[in-house]
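Undergrad: Below you will find the structure I want to go over with you.
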Amino acid sequence: MAKLTYRHAVARGIAQEMRRDDSVVFLGEDVAAAGGVFKTTGGLLEEFGGRRVRDTPISEQAILGAAMGAAMTGLRPIAEIMFADFFAVCWDIVANEIAKMRYMTGGQITLPLVIRAANGGGLRFGAQHSQAIENWAMAIPGLKVVAPSTPRDVVGLLAASIRDPDPVIFLEAKSLYAVSEDVEDGEIVDTLGTARAVRDGGDATIVALGPMVPKACAAADELAEEGIRCEVLDLRSLVPLDTRSVLESVARTGRLFTVEENPRLCGWGAEVSSIVSEEIFGDLTGPIVRITTPHIPLPSAHALEELALPSAARIAETVRKALAS
Amino acid sequence: MDYPERWEIDDDPSLDEAALLEMLRAMLEIRGLEDEIQRAFTKDLVRGSTHLCTGQEAAVVGACSVLRTTDSMVCTYRGHGAVLAKGASLAATFAEIVGRETGLCGGKGGSMHLTDAGVGAYGSFAIVGAHLPIANGLALAARQQGSDAVSLCFFGDGSTNIGAFHESLNLAAVWSLPVIFFCENNLYGEYTAWRATARVDRLADRAGSYGMPGVRIDGNDVIAVRRATGQAVERARAGEGPTLIEAVTYRHRGHSRTDPAKYRPDGELERWLKVDPIRRLENLLATRGVSPERLQEITAAARDAVRDAVEEALSAAPPRLEALYEDVYA
C-alpha cells in the first residue's frame, strides 16, 4: 500500500500490462522521451525501450491510423491523444474506421486498442483544450467509453481496457492528475461496465462520472449534514453502461440527479434519464434533474470557468431545492 | 504529359509465360466482374453506389503480383479489383456487393467495404485518404512481430491532397516502415481533373517532401507496374523504408454509377481505350508467340469464371436478420 497520484497511476497501469503482454505498444506525442506533457507516462521508455514506447510527430490521424492498423494483425496498441479536444482532428479514424471495422467486416477484424486522452476542464486552458468529449464518443456505435475518477480506478480500468478485445476511449480527468490515494501493491484489474456506489443514502441518487464524482461526493457530504442522504454512483464507464445499478438505486431513492461535465445538449445524462423514465417511471417521486456545463464553449478566465462547470455547491443547491419542492 | 509514350509495353525476360498469363487472367476476371457489377446496379439488383476500376486493372494486378499472402493490402472504395488481385474469390466479392450472406463480410460491408483478411486484404475504405494511416499500422505490426511482411496501400490522385496523406507518408518515413504507397492516378478526383487540383507536374514528386523515393510509371503497363512495385517491396523488406509510386492510368467509366463523366474532353476516353492495359498485355504475349487461340481460351475461361461466380452469388441467401446484432459490442 502506498500513495499513488492519478497522474502516476497512468504509467503504472500501462507498465503493468506491458510487462505481462509483449504485444502491448504505446505511441503518442511526447509520451516517450518527455514522459508526457502531463507527466503521466514517465519511465515507460526506460523500462520498455523505443520499439514499444514511441514518440510520434504531431499527426493525430497518423497516430490513430497506426494504432488501428497495428491492432488488426495482433498488436494491442495504446495511443495517446494529448488533449481530448484533438479528437476533432482525427475523428474520421475514430468514428468511421475504428468504431465500424468489426461490424463492417462481418467479424473478420477486431481492434483491441485503447485511445487515452486528457479530458475536460478545470485548468483554465480555454475552449480548445478543456472540452469534456465523453458524449461525442458515446454517440458512436462501436466505441467503449471509460472515465476513471480515482487513481486506483485508473490502473484497474486501464488494465481492463487494454485486455478488452474491442476499441476503448479512455478519458482521464486532467483536473484530477494531482489527486492521490493509498493504492495496494500488485496487479489491479477491474471490470468495465460496473458502476460503484461511493456514498450511500436513500433520499436521492446522484449519478456522476470522472471529475464530477468528487464534486458529487462533496455535495452529498454537505447535504448529509442537513439530513439529506444521497447515494452517489460513479458510473466509471458510459459504454458499457451499468444500467442495472442505476435503476436499482433510483428505484430505491425515487429521485435521480445526473452530474455531467459535458455540455448540456445530448449529454450522457439525457440518455441515463431516458432509460430511467422508460424503465421505472412509476418509481420516480419527482422529476429527473440534470446538472451540466451549459451549452457554451468553455471560457478561460477563472471566474467564468468555475461558473460554467458543475460545482459541489451547485450540485448541493440543485438537490436541496428539488427535494424541497 | 499523362498519356503513355509508346503503345507497346517492354517485355521482361525474367517473367515466364505462365506469370504473364496469370496476370492476364486476373485482369480479365476483374474487367468481367466490374461489367457484371455495373449490370447488377443498373438492373437495381442492389442500391447504393458503386465505383468501378475498369481500365485500371494493370495497376492492381501488377502491384499485387509481387506480394505474398502474408503481406497486407488496403485500398479505396474503387477497390473491387484490388481485393480480387490480392486473392479474394469472385463469387464472395460479388455476393458482398449484391448483399448476400455468402459475401466477403456477410453482406454488412457492401461495394465500398470489401475485406478478406484471410488473403491479406484488410479493407477497402470509403473515406478518401483514411486508410493511408492504417497501412502504416499494418506495417508497424509486421515490423514489431519480426516479420518481413510489407504493407501495400492503393489510393487515388484525389487522396494526395488530403491531410492524412501527408501525415502518413511522413510517419512512414520517420519510422522507416515497410509501406508501398501506390497512387493510382486515374486523372480525375471524383469529377475534377487532377491537374486542376495540384501544381506539381508529377504527384510522385511529393515523396521528396518526406525523404522517400517517388517514381512515376505507366500504370497501364502491367510489366512496368510489377517491376516498380517489386523494387519498392524489396526496399521495404530490407528495412529501407517506404516508397511512393504514381501509376498513371485511366478510369474508363465515371466516378460512380450515376456519373456519365460528361466533364471529360471529347475524344479523351477513345484515346485512352487505345492503351487499354489488357490489349497491351495480349499484344506482348502475341509477340512472345502465344497463339490467338490460347489467348481466346484464357478470355473464355475468365468469362466463364465470372459467369459462374455471379450465378453462385445471386443464388445465395440474403443475410439472416439476426446478423443485424452480431459483432456488436458497444
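The values are calculated or read from the model by the stated rules, or taken from the named source; none is laboratory data. Computed from a predicted structure; not experimentally measured. A quick note on method: Cβ atoms are made from the backbone with ideal geometry, for glycine too, and the neighbour counts reach across all protein chains shown. Quick note on the areas: whole protein, heavy atoms, side chains included, nothing else; ligands and nucleic acids left out. Shrake-Rupley method; radii C 1.70, N 1.55, O 1.52, S 1.80 Å.
Undergrad: Let me confirm the definition first: pairs of Lys residues in the stretch B:17-313, 8 or more apart or on different chains, C-alpha distance under 24 Å. How many are there?
TA: Close lysine pairs under the 24 Å cut-off: 4.
Undergrad: To continue, here is another question. So which lysines can residue A:144 reach, going by Cα to Cα under 17 Å and dropping same-chain residues fewer than 8 places off?
TA: A:100
Undergrad: Accessible surface of residue B:7 in the full protein assembly, 1.4 angstrom probe, to the nearest 10 Å²?
TA: The accessible area comes out at roughly 90 Å².
Undergrad: If the viscosity is 0.692 mPa s and the temperature 37 °C, what Stokes-Einstein diffusion coefficient in µm²/s follows for the protein assembly as shown when Rh is the Kirkwood radius over Cα pairs?
TA: The calculation lands on 123 µm²/s.
Undergrad: Rounded to two decimals, what is Rg over Rh for chain A when you use alpha-carbon atoms and the Kirkwood radius?
TA: With Rg and the Kirkwood Rh in hand, the quotient comes to 0.97.
Undergrad: Take every Cα-Cα pair in the stretch A:128-222 and report what % of them are more than 21 Å apart.
TA: The share of Cα pairs beyond 21 Å in the stretch A:128-222 comes to 39 percent.
Undergrad: Is the shape of the stretch B:1-157 rounded, prolate or oblate, going by the alpha carbon gyration tensor and its root eigenvalues a ≥ b ≥ c, with a/c under 1.5 for rounded and a/b larger than b/c for prolate?
TA: In terms of gyration-tensor shape, oblate.
Undergrad: Please give the solvent-accessible surface of residue B:122 in Å², to the nearest 10, using a probe radius of 1.4 Å with every protein chain present.
TA: Per-residue accessible area (residue B:122): approximately 40 Å².
Undergrad: Quick check: net charge around residue B:193, other residues with Cβ under 11 Å of its Cβ, Lys/Arg +1 and Asp/Glu -1?
TA: Local charge sum for residue B:193: -2.
Undergrad: How would chain B be classified by its alpha-carbon gyration tensor: rounded, prolate or oblate, with rounded meaning a/c under 1.5 and the a/b versus b/c comparison settling the rest?
TA: Because its axes are fairly even, with a/c under 1.5, chain B counts as rounded.
Undergrad: Once the other residues with Cβ under 14 Å from the Cβ of residue A:320 are scored (Lys, Arg +1; Asp, Glu -1), what is the net sum?
TA: -2
Undergrad: Now for a separate question. Counting only DSSP beta bridges with both residues in the stretch A:170-312, what percent are antiparallel, rounded to the nearest 5?
TA: 20 percent
Undergrad: Sticking with this structure for a sec: Find the accessible area per residue for the stretch A:1-108; the probe is 1.4 Å, ligands and nucleic acids are left out, and the unit is Å².
TA: Per-residue value: 33 Å².
Undergrad: Output ³J(HN,Hα) for the stretch A:222-234: one whole-Hz value per residue in order, computed from phi by the Karplus curve 6.51 cos²θ - 1.76 cosθ + 1.60 with θ = phi - 60°, and x for Gly and Pro.
TA: 5, 5, 4, 5, 9, x, 9, 9, 10, 8, 10, 9, 8
Undergrad: Counting each DSSP H run of 4 or more residues in chain A as -39500 (n - 2.57), what helix-only mean residue ellipticity at 222 nm follows after dividing by all residues, to the nearest 500 deg cm²/dmol?
TA: Calculated at 222 nm, the ellipticity per residue is -10500 deg cm²/dmol.
Undergrad: For B:200, B:74, A:239, what's the largest-to-smallest order of accessible area, 1.4 Å probe?
TA: B:200, A:239, B:74
Undergrad: Next up: Using a simple spin-label model with points 7 Å from Cα along the Cα→Cβ vector, what separation in nm is obtained for residue B:262 and residue A:251?
TA: Simple spin-label model gives 6.4 nm for this pair.
Undergrad: Calculate how steeply helix A:151-163 sits against the longest principal axis of the alpha-carbon atoms of chain A, using the helix alpha-carbon long axis, and give the answer as 0 to 90 degrees to the nearest 10.
TA: It is inclined by approximately 50 degrees.
Undergrad: Tally Lys/Arg at +1 and Asp/Glu at -1 over every other residue whose Cβ is under 13 Å from the Cβ of residue B:319; what's the total?
TA: The answer is -2.
Undergrad: Sticking with this one: Can you spot the lysines whose alpha carbon is less than 23 Å from residue A:215's alpha carbon? Ignore those fewer than 8 places along the same chain.
TA: Residue A:215 reaches A:3, A:174, A:321.
Undergrad: Largest first, what is the accessible-area ranking of A:152, A:244 with a 1.4 Å probe?
TA: Largest accessible area first, the list is A:244, A:152.
Undergrad: Leaving ligands and nucleic acids out of the surface, order A:1, B:27 by accessible area at 1.4 Å, largest first.
TA: Result, largest first: A:1, B:27.
Undergrad: With both bridge residues required to lie in chain A, what share of the DSSP beta bridges run antiparallel, to the nearest 5%?
TA: Just about 20 percent of them are antiparallel.
Undergrad: Follow-up question, since we're still on this one. What number, rounded to the nearest 500 deg cm²/dmol, is the helix-based mean residue ellipticity at 222 nm of chain B, given -39500 (n - 2.57) per DSSP H run of at least four residues and division by all its residues?
TA: -12500 deg cm²/dmol
Undergrad: Which of B:180, B:254, B:164 sits farthest toward the positive end of the charge dipole of chain B, with +1 on the Cβ of Lys and Arg and -1 on the Cβ of Asp and Glu?
TA: Farthest towards the positive end: B:164.
Undergrad: Hey, another quick one. Would you mind getting the Kirkwood hydrodynamic radius of the stretch A:196-324 from its Cα pairs, rounded to one decimal in Å?
TA: 14.5 Å
Undergrad: Could you tell me the accessible area of residue B:190 in Å² (1.4 Å probe, neighbours in place), rounded to the nearest ten?
TA: 100 Å²
Undergrad: Let me ask something else. If you place +1 on the Cβ of every Lys and Arg, -1 on the Cβ of every Asp and Glu, and leave all else neutral, what size is the dipole of chain A about its Cα centre, to the nearest 20 Debye?
TA: Dipole of chain A, to the nearest 20 debye: 260 debye.
Undergrad: Within 10 Å of each Cβ in peptide A:54-64, how many partner chain Cβ atoms are there on average? Round it to a whole number, please.
TA: So the per-residue partner count for this stretch is 6.
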